[in-house]
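A.B. asks: I have a structure I would like to understand better, so I am pasting it below and will then ask my questions one at a time.
The values are calculated or read from the model by the stated rules, or taken from the named source; none is laboratory data. Keep in mind it's a predicted model, so treat the numbers as computed, not measured. Ideal geometry is used to build each Cβ from the backbone, glycine not excepted, and the neighbour counts take in all protein chains shown.
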């Protein structure tokens with residue numbers, strides 16, 4: 001049981017994924033005995049239709065000391081943010097407008113405003129990605145976006161036209177604090193624009209790997225509408241995105257400042273009809289997850305009995321949930337190939353599968369590769385055509 005940050009209501013778990021290490025807690029062999037675990041339980045607040053991870057461990061913030069994810073590693077995401085920046089500039093910004101990105105990572109999004117009249121800045125808690133961003137000319141504050149640090153942004157008080165975030169709002173436990181900070185910075189005619197993996201897509205894909213210590217909430221139009229209504233904001237538009245296996249971009253403004261687009265009501269009706277806004281959807285998801293786990297585990301074990309070799313492709317944060325929930329260790333998946341220097345030479349959290357450099361994947365002769373970065377499948381399949389030509393096959397718990 002845990003309390004919802006928004007309503008202070010006690011929320012019971014409707015499902016547990018068992019003991020789980022930090023999703024990005026890739027570690028050296030010497031640190032195996034020091035590894036910490038927590039119970040990955042999920043619950044649903046029916047009052048505001050909010051799906052959430054319960055009891056996030058306090059030690060999870062340590063991952064930001066040397067964050068292993070860099071946005072610029074994905075050509076697709078570079079293109080996505082370039083297109084997004086153009087859309088924001090054309091629809092929401094004026095000459096010399098202020099724009100702040102929360103969780104700006106390596107500056108991939110913000111740098112699209114370099115050499116323009118827009119005063120764009122980033123905010124991110126990870127020193128390593130901030131250092132990279134600054135070297136690329138992106139003005140970035142190395143802080144958590146919260147009320148303790150908001151004074152450092154006081155010159156943007158009530159004068160920020162757009163506050164943007166991508167795959168960040170769902171990572172922050174104290175949503176009320178974030179909304180208060182947005183209120184502090186946003187101009188009277190400003191917009192809070194953010195995109196997140198969509199609860200409806202997670203249900204459809206049975207992509208339970210979206211859930212881990214850093215990814216606390218799975219939002220829907222229903223939950224976003226109800227949360228922001230409590231703080232004199234309203235959801236004025238909503239757009240579907242294909243990123244992360246199905247995401248949604250939410251456009252928020254102060255109440256009674258803009259007309260609400262028809263898209264919002266369309267989404268709300270869809271969510272009611274498909275049990276995305278109620279507990280029934282959660283209970284079906286639980287059954288779907290248990291079936292998915294049984295199917296993929298049985299498939300891997302059958303392949304190993306036939307002496308088939310299996311590796312993993314991309315040591316994502318999401319892979320931690322899959323491997324630990326399904327109980328898949330290095331006796332089933334021999335290694336995981338990855339591009340991140342911060343992970344190579346280390347071991348996967350919990351199941352301790354060795355992480356090897358991606359360049360070695362092309363030289364390998366594995367029969368199967370488990371695609372953990374399934375949300376980037378199009379980009380990956382394009383790069384790894386030789387694997388399939390050699391007779392290699394892909395595995396995943398999500399349909400690919």
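A.B. asks: Is it the case that some residue within segment 193-206 is at pLDDT below 95, surrounded by fewer than 24 Cβ atoms within 10 Å (Cβ to Cβ) and under 25 Å from residue 234 (Cα atoms)?
C.D. replies: no
A.B. asks: Now for a different question. Looking only at segment 207-251, count how many residues are in a helix (DSSP H, G or I), modelled with pLDDT under 95 and closer than 22 Å to residue 326 by Cβ.
C.D. replies: Residues that pass the stated criteria total 2.
A.B. asks: Just to check your reading of the model, which residue among 289, 282, 311 is under 30 Å from residue 44 (Cα atoms), buried (at least 19 other Cβ atoms within 10 Å of the Cβ) and touching a strand residue (DSSP E or B) at 6+ places or on another chain (Cβ under 6 Å)?
C.D. replies: 282
A.B. asks: Considering every residue within segment 371-386, establish whether at least one is surrounded by fewer than 15 Cβ atoms within 10 Å (Cβ to Cβ), more than 24 Å from residue 35 (Cα to Cα) and within 21 Å of the chain's Cα centre (by Cα).
C.D. replies: yes
A.B. asks: Additional query: Consider residue 259 carefully, then state whether it is more than 24 Å from residue 5 (Cβ to Cβ) and either surrounded by fewer than 22 Cβ atoms within 10 Å (Cβ to Cβ) or out of contact with any strand residue (DSSP E or B) (no Cβ under 7 Å at 6 or more places or on another chain) (or both).
C.D. replies: Yes: the conditions hold for residue 259.
A.B. asks: Here's something else I'd like to know. Please list, ordered by first then second residue, the pairs with beta carbon atoms under 7 Å, 6 or more apart or interchain, first in segment 169-181 and free of Cβ contacts under 8 Å to residues at least 40 places away in the same chain, second assigned to a helix (DSSP H, G or I).
C.D. replies: 181/150
A.B. asks: Of the residues 95, 144, which single one is assigned to a loop (DSSP other than H, G, I, E, B), under 14 Å from residue 168 (Cβ atoms) and touching a residue at least 12 places away in the same chain (Cβ under 8 Å)?
C.D. replies: 144
A.B. asks: Next question, about the same structure. Taking residue 60 as meeting all but one of (1) at pLDDT 95 or above; (2) crowded, with 20+ Cβ neighbours inside 10 Å, write down the number of the exception.
C.D. replies: That leaves (1) as the condition not met.
A.B. asks: Here is a list of conditions, (1) within 24 Å of residue 232 (Cβ to Cβ); (2) touching a helix residue (DSSP H, G or I) at 6+ places or on another chain (Cβ under 7 Å), and residue 142 meets all of them except one; can you say which number that is?
C.D. replies: Condition not satisfied by residue 142: (1).
A.B. asks: Another question, then. Name the single residue, out of those in segment 1-26 being part of a strand (DSSP E or B) and at pLDDT below 95, that is surrounded by the fewest Cβ atoms within 10 Å (Cβ to Cβ).
C.D. replies: If we take residues in segment 1-26 being part of a strand (DSSP E or B) and at pLDDT below 95, then 10 is surrounded by the fewest Cβ atoms within 10 Å (Cβ to Cβ).
A.B. asks: Could I ask something else about it? Does segment 315-339 hold any residues that are over 22 Å from residue 19 (Cβ atoms) and either without any contact (Cβ under 8 Å) to a residue 12 or more places away in the chain or touching a helix residue (DSSP H, G or I) at 6+ places or on another chain (Cβ under 8 Å) (or both), and which are they?
C.D. replies: Across segment 315-339, the qualifying residues are 337, 338, 339.
A.B. asks: Same structure, new question: So residue 362 fits all but one of (1) at pLDDT 95 or above; (2) under 14 Å from residue 313 (Cβ atoms); (3) surrounded by fewer than 18 Cβ atoms within 10 Å (Cβ to Cβ); what number is the exception?
C.D. replies: It fails just one condition, (1).
A.B. asks: Next question. Which residues, counting only those in segment 270-314, are assigned to a helix (DSSP H, G or I), under 30 Å from residue 238 (Cα atoms) and free of Cβ contacts under 8 Å to residues at least 60 places away in the same chain?
C.D. replies: 272, 273, 280, 287
A.B. asks: Output the number of residues of segment 292-303 satisfying the condition of being surrounded by 17 or more Cβ atoms within 10 Å (Cβ to Cβ) and either modelled with pLDDT under 95 or over 14 Å from residue 17 (Cα atoms) (or both).
C.D. replies: Of the residues in segment 292-303, 3 are surrounded by 17 or more Cβ atoms within 10 Å (Cβ to Cβ) and either modelled with pLDDT under 95 or over 14 Å from residue 17 (Cα atoms) (or both).
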